[in-house]
Structure formats: structure tokens, C-alpha cells
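A quick write-up on the structure given underneath.
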Amino acid sequence: MTGCGSAVPTPAPPLPPGATAARAGVPFTLYTHCGIHELSFGGRWYERVGGPLDDGNGNPPHGWDNPEQQGTLTRSGPTVVFRDRAGHRETFQLRPGATSPKTVCS
């Protein structure tokens, strides 16, 4: 992605052995600066189901905070779901073997 002012943040540390995202969700800060594309959680990378979500100009869509959106994540197998108080619900699918983001917001 081009035209954005920051780099992708450092991935979250891995979860402790046996830890999982609770049904109610764990607090999570979603990086939104260049739109909603992917996230790192529990030492793994996930990409948004349906492709990137942005305003067409490389920014988060209307109604999303920039550069980050506070919410929760729940995990079920290879899928995580981000939810926030604004009513957003985005699903992300595991990228097996990924060790870094697909794209860098620069």
C-alpha cells in the first residue's frame, strides 16, 4: 500500500500454551491506518475475508478510527472475528505459514 504515513505495527506476542480467545473475546487493537487488511494475533497472521476494506483512497472506511480501532477478537479454528462497540464485525482467515504481513502500509 502506498500513501500511508506509518508502518505496520509489531505483531502481538504469541499466546501462552493452551490459551485461546474466550467466547466473549479478548481485547484487541486493530490497525486501520491504511484500511482493514490483515492482523497478527497469537503469533499468527490472518487476512480479512472478502479482501481489503478501505475508503478507496487507502484509508479506513467512514466510521472507523484511524490509526487504530479498539475492540475484541474471538477465535474459532483458523478464523478470528473482530468486533467493536461501533457495531463493526470483520472476519479474518489464517494465512498458514505466514511470518509477516502481505503488504506494508508506508
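In this structure, does residue 75 turn out to be of a type in the set (D, E, K, R) and more than 18 Å from residue 35 (Cβ to Cβ)?
yes
Residue 98 versus (1) closer than 14 Å to residue 44 by Cβ; (2) under 13 Å from the mean Cα position of the chain (by Cα): which is the lone unmet condition?
(2)
Please determine whether any residue of region 29-41 is at pLDDT 95 or above and loosely packed, with under 12 Cβ neighbours inside 10 Å.
No, every residue in region 29-41 fails to be at pLDDT 95 or above and loosely packed, with under 12 Cβ neighbours inside 10 Å.
Give the residue that is farthest from residue 78 (Cα to Cα), with candidates limited to residues of region 25-45 that are without any contact (Cβ under 8 Å) to a residue 60 or more places away in the chain and assigned to a loop (DSSP other than H, G, I, E, B).
Top of the filtered list is 32.
Could you grab me the full set of residues in region 46-58 that are touching a His at 6+ places or on another chain (Cβ under 8 Å), in a loop (DSSP other than H, G, I, E, B) and touching a residue at least 24 places away in the same chain (Cβ under 8 Å)?
Within region 46-58, no residue meets the criteria.
Could you please find all residues in region 71-81 being among the hydroxyl-bearing types (Ser, Thr, Tyr) and surrounded by 15 or more Cβ atoms within 10 Å (Cβ to Cβ)?
Selection gives 72, 74.
Taking the conditions exactly as written (among the hydrophobic types (A, V, I, L, M, F, W, C) and closer than 12 Å to residue 35 by Cβ), does residue 53 satisfy them or not?
Judged against the criteria, residue 53 is a match.
Looking only at region 59-70, decide whether some residue is in contact (Cβ under 8 Å) with a residue 24 or more places away in the chain, crowded, with 16+ Cβ neighbours inside 10 Å and assigned to a strand (DSSP E or B).
Yes, the conditions are met somewhere in region 59-70.
What are the pairs, 6+ residues apart or on separate chains, where a residue within region 83-106 that is assigned to a loop (DSSP other than H, G, I, E, B) and hydroxyl-bearing (Ser, Thr, Tyr) has its Cβ under 7 Å from a residue that is at pLDDT 95 or above and surrounded by 14 or more Cβ atoms within 10 Å (Cβ to Cβ)?
From region 83-106, the pairs are 103/37.
The values are calculated or read from the model by the stated rules, or taken from the named source; none is laboratory data. Since this is a predicted model, take the numbers as computed values, not measurements. Cβ atoms come from the backbone with ideal geometry, glycine included; neighbour counts cover every protein chain shown.
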